[in-house]
Amino acid sequence: MKKSFIGQTKSFFGPLELVEKLCPEAEDLATSVKSLPELKTAVGRGRAWLRLALMQKKLADYLKVLLDHKVLLSEFYEPEALMMVEEGAVLVGMLVSLNVIDANLCLKGEDLDSQVGIIDFSLYLKDVPNTGGDKQNEEITAFLDQKHYVEELNRHLSCMVGDLQTKVESIERTNLKLMEELVAAIDRVKSLQEEQQQLQQENAQFCEQSERSVAVRQEDTKLELDTYKQLRQGLDEMYNEIWHQLKEEKRIRMELEKDLKLQSGMKTEMEIAMKFLEKDTHEKQDALVVLRQQLDEVKAINLQLFEKVQSAETSVQLQNEMISSLEVKTNHMIPTSIEMEQRLQELEQARQEAEEKNEKVKCEFGGKIKSSEQQLEELGRQRSSLERELKCEKEQRQNLQQELQQEKDKICLLQTELQQMTGLKKELQKLEDEKKQLQKLCEEQEQALQEMGLHLSQSKLKMEDIKEVNKALKGHSWLKDDEATDCKQCQKEFSISRRKHHCRNCGDIFCNSCSNNELSLPSYPKPVRVCDACHTLLLQRCSFNAS
């Protein structure tokens, strides 16, 4: 890979991403690698890509596509790199044999992102036999081992002392907090007991008052109900009597109205008859006028004929005949005129009689109408008085209903007060349950405090033992970051890419490659970073202790 003053510009996953563009079959492979949420580094993605290509049996094909487009690979590799030389094609040809294998590889983000550990083969190397200074070397190694063991034990004990001190301080703090909470809980329990007593007293007083008020109100309601029933019976009787009177008056009124209707009908009939009589008289008068006109015409004709008879002698016979005929006609018309005059006289007499009868009827019906109007006025007055009485009774009834509603409201209030009493009783029971729970918590806290006291006594004894051991031993100093500029083992300068790392055993500062080992120490239960020298010494010590 190409490098700059900061470090490597790109990882080997960069050229693998080009396969997606060059070979469309690799799109699913690239998308599946990018969709893995556990992968965080480009190295891990590249390893996952290689494993998936192996499972597809197309690793050699994908790499061959990359080798065919070396122009694109020049961005990632130096011109002398393996992928840019002919040996890369040979390597890809050798990878074709992997297609025979059916691979099912595991894809875990933590395993793929982590760096490969350096295997220390120094334990498996055999030492060259030395004849001269074997005993001296063995003694030196034994002394060194003892020294390292004592230093490690001292450091472990100092760490244990620090941890125990922090634990003791935390335990003392928790103890103080628990004591404060216990005192507060006791005060709260006392206050709750006092409140409970007060509530019980108030509850008893309130119960007595409510019972008394309920009894008094029940008696009052009974008395009011009795009075209401009595009043209602009297009112019902009065109402029934008035209702019967109204019915009778209505019946009388209906009869009077029927009589009035009959009288008015008779009156209208008389008026119609009078109108017919007037019409007949008018018609007869018109007929008499017509007959008189005819008589006048006849007379005029007779005069004309008489003149003609005198003037024309030749027409005398005709005139005589005409006169005779006219005389016959006149003879016939005279009795009819007489009969008409008699009829006129009779009609005038009937008219006078009808007028007299009409006047008599008017006088009779006028008295009856006046009497009926007076009766109607009296009935209206009685009706108005009865309506007033009914209004008064309705007002009294409404007042009684309002009083009943007030009493019902009072009963509802009493029921709500009783419900509140039951709620207060339930709250008292809840408070008693909370009191019991607090007492249980207090007992448990007291037990915990006793156990903490035992632990404290034991830890104090251990502290004293540790202090005695610590007086005879000396601990290693933890080297500060500002004091170290080079790695203690490889003597390389630290930079942005080469970071500082403390060895948890000796306390010195190393680079990542010189301290890429992890072991579980007595002061640290989990595996921690250790330098190469401490790693070999600790492994030798473990093997020596095991033997």
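Look through region 521-545, keep the residues that are within 18 Å of Cys159 (Cα to Cα) and touching a Lys or Arg at 6+ places or on another chain (Cβ under 8 Å), and return whichever of them is modelled with the lowest pLDDT.
Ser523
Mind counting the residues in region 18-44 that are open to solvent by 60 Å² or more (accessible area, probe 1.4 Å) and either touching a Pro at 6+ places or on another chain (Cβ under 9 Å) or free of Cβ contacts under 8 Å to residues at least 40 places away in the same chain (or both)?
Adding up the residues that qualify gives 8.
Got a number for residues in region 124-167 being among the hydroxyl-bearing types (Ser, Thr, Tyr), more than 21 Å from His535 (Cβ to Cβ) and modelled with pLDDT of 75 or more? Don't jump to the end; show me each part of the working.
The initial filter retains those residues of region 124-167 that are among the hydroxyl-bearing types (Ser, Thr, Tyr), namely 124, 131, 141, 149, 158, 166.
Okay, now just the ones that are also more than 21 Å from His535 (Cβ to Cβ), so 131, 158, 166.
Pick out the ones that are also modelled with pLDDT of 75 or more and you get 158, 166.
So the answer is 2.
Give Glu180, Glu169, Glu194, Glu237 a once-over and let me know the one that is of a type in the set (D, E, K, R), assigned to a helix (DSSP H, G or I) and open to solvent by less than 100 Å² (accessible area, probe 1.4 Å).
Glu169
Has region 357-370 got at least one residue that is out of contact with any Lys or Arg (no Cβ under 7 Å at 6 or more places or on another chain), closer than 30 Å to Ala287 by Cβ, at pLDDT 75 or above and loosely packed, with under 13 Cβ neighbours inside 10 Å?
Yes; the residues of region 357-370 include at least one that is out of contact with any Lys or Arg (no Cβ under 7 Å at 6 or more places or on another chain), closer than 30 Å to Ala287 by Cβ, at pLDDT 75 or above and loosely packed, with under 13 Cβ neighbours inside 10 Å.
Taking into account only those residues within region 471-506 that are touching a helix residue (DSSP H, G or I) at 6+ places or on another chain (Cβ under 8 Å) and open to solvent by less than 60 Å² (accessible area, probe 1.4 Å), which is modelled with the highest pLDDT?
The qualifying residue modelled with the highest pLDDT is Cys503.
Since Cys506 meets every condition but one in (1) touching an Asp or Glu at 6+ places or on another chain (Cβ under 7 Å); (2) within 17 Å of Lys147 (Cβ to Cβ), which condition does it not meet?
(1)
Kindly check whether there is at least one residue in region 94-102 that is at pLDDT below 80 and open to solvent by less than 80 Å² (accessible area, probe 1.4 Å).
Filtering region 94-102 down to residues at pLDDT below 80 leaves 99-102.
Checking the rest, the ones that are also open to solvent by less than 80 Å² (accessible area, probe 1.4 Å) come to 99.
Checked region 94-102: at least one residue is at pLDDT below 80 and open to solvent by less than 80 Å² (accessible area, probe 1.4 Å).
Go through (1) out of contact with any Leu (no Cβ under 8 Å at 6 or more places or on another chain); (2) modelled with pLDDT under 80; (3) not in a helix (DSSP H, G or I) for Glu110 and report which single condition fails.
Every listed condition holds for Glu110 apart from (3).
Which residue pairs have Cβ atoms under 9 Å apart, sit 6 or more places apart or on different chains, and have a first residue in region 335-354 that is open to solvent by 100 Å² or more (accessible area, probe 1.4 Å) and a second that is of a type outside the set (A, V, I, L, M) and part of a helix (DSSP H, G or I)?
These pairs meet every condition: Arg343/Lys284; Glu348/Thr281.
Taking the conditions exactly as written (within 30 Å of Lys368 (Cα to Cα), at pLDDT 80 or above and among the basic types (Lys, Arg)), does Lys261 satisfy them or not?
Yes, satisfied.
Would you point out which residue out of Arg381, Arg351 is within 23 Å of His282 (Cβ to Cβ) and in a helix (DSSP H, G or I)?
Arg351
Counting only residues that are open to solvent by 100 Å² or more (accessible area, probe 1.4 Å) and either over 54 Å from the mean Cα position of the chain (by Cα) or of a type in the set (Asp, Glu) (or both), how many does region 377-419 have?
Qualifying residue count, region 377-419: 6.
The values are calculated or read from the model by the stated rules, or taken from the named source; none is laboratory data. Every value quoted in this text rests on a predicted model; they were computed, and no experiment measured them. FYI the Cβ positions are ideal-geometry reconstructions off the backbone, even for glycines, and counts take in every protein chain you see. These area figures cover heavy atoms from the full protein model, side chains too; ligands, DNA and RNA do not enter into them. Shrake-Rupley method; radii C 1.70, N 1.55, O 1.52, S 1.80 Å.
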